[in-house]
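Chemist: I'd like to ask you about the structure that follows.
The values are calculated or read from the model by the stated rules, or taken from the named source; none is laboratory data. Computed from a predicted model, the values in this text were never measured in an experiment. Counting neighbours? That spans all protein chains shown, and the Cβs are built from the backbone with ideal geometry, glycine included.
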Amino acid sequence: MATTTLRALIGADETPASLGNATLIMVDYQNVYTGGVMELDGWKPALEAAAELLAAARQAGAKVIHVQEAGYDVESEAGQIHESVAPIEGETVVVKSVPNGFHGTDLGEHVDAAGNSDVIIAGFMTNMCVLFTAQGASLRGNQPTVVANACATRPLQTMHEGGTPLTAQQVHDGALATITDRYGIVVPSLAALK
């Protein structure tokens with residue numbers, strides 16, 4: 001049985017962001033997550049949803065910011081942003097070194113310069129950089145909306161040794177539940193954005 005979220009208890013606004021009045025933050029859509037040891041479950045449909053979201057944001061005239069994880073050598077093929085959601089001229093790329101895209105970067109300055117308090121977030125991995133970037137946005141006073149079907153992750157265990165194995169879907173859902181409980185709004189897809 002579901003319980004009341006912390007956001008509901010404090011009376012937070014639960015209106016999803018609108019593409020025309022928000023900044024889109026595309027998090028870590030890097031090639032490393034599409035194959036090999038870091039391949040994510042469901043990366044292909046998530047990437048397709050991300051490409052649709054990105055196209056709709058561009059059509060709406062939204063400010064688009066791409067975030068890239070520095071730990072994967074952003075100059076290498078693995079570290080580059082996947083071609084289906086690659087930045088175009090005029091779109092900012094912020095390189096980060098921790099899961100929260102706002103920490104130690106100028107992401108906040110770019111969001112502020114766009115003049116929108118609402119941000120739309122999507123990316124890889126749901127339980128890491130998407131969750132912590134949504135948290136970072138919330139803690140700095142932005143209203144994050146996360147697009148669930150444009151995110152993906154991988155299966156994990158609850159402990160280093162002897163932990164319960166969790167499917168990628170369980171990890172994904174747990175991260176989205178954390179965002180929903182305290183940090184922002186989660187919508188199932190682009191269709192839920194106004």
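Chemist: Can you pull out every residue in region 126-163 that is part of a strand (DSSP E or B) and either more than 24 Å from A12 (Cα to Cα) or of a type in the set (A, V, I, L, M) (or both)?
Modeler: Scanning region 126-163 gives V146, V147, A152, T153, L156, Q157.
Chemist: Separate question: Do we have V186 as in a strand (DSSP E or B), among the aliphatic types (A, V, I, L, M) and modelled with pLDDT of 95 or more here?
Modeler: Answer is yes for this residue.
Chemist: Then there's this: Pick from D41, D73, D112: which is surrounded by fewer than 17 Cβ atoms within 10 Å (Cβ to Cβ) and within 17 Å of S138 (Cβ to Cβ)?
Modeler: D112
Chemist: Any residue that is part of a loop (DSSP other than H, G, I, E, B), closer than 19 Å to P99 by Cα and either in contact with an Asp or Glu (Cβ under 8 Å, 6 or more places away or on another chain) or in contact (Cβ under 8 Å) with a residue 24 or more places away in the chain (or both) - is there at least one of those in region 38-51?
Modeler: Yes, region 38-51 has at least one match.
Chemist: Which one of these is part of a loop (DSSP other than H, G, I, E, B) and buried (at least 21 other Cβ atoms within 10 Å of the Cβ): G90, G123, G101?
Modeler: So the residue among G90, G123, G101 that is part of a loop (DSSP other than H, G, I, E, B) and buried (at least 21 other Cβ atoms within 10 Å of the Cβ) is G101.
Chemist: Under 6 Å by Cβ, and 6 or more places apart or on different chains, what pairs join a residue from region 101-119 that is within 13 Å of N21 (Cα to Cα) with one that is modelled with pLDDT of 95 or more and basic (K, R)?
Modeler: Filtered contacts from region 101-119: A114/K63.
Chemist: I'd like to know if region 155-164 contains one or more residues that are surrounded by fewer than 22 Cβ atoms within 10 Å (Cβ to Cβ) and either among the aromatic types (F, W, Y) or touching a helix residue (DSSP H, G or I) at 6+ places or on another chain (Cβ under 6 Å) (or both).
Modeler: Yes, that holds for at least one residue.
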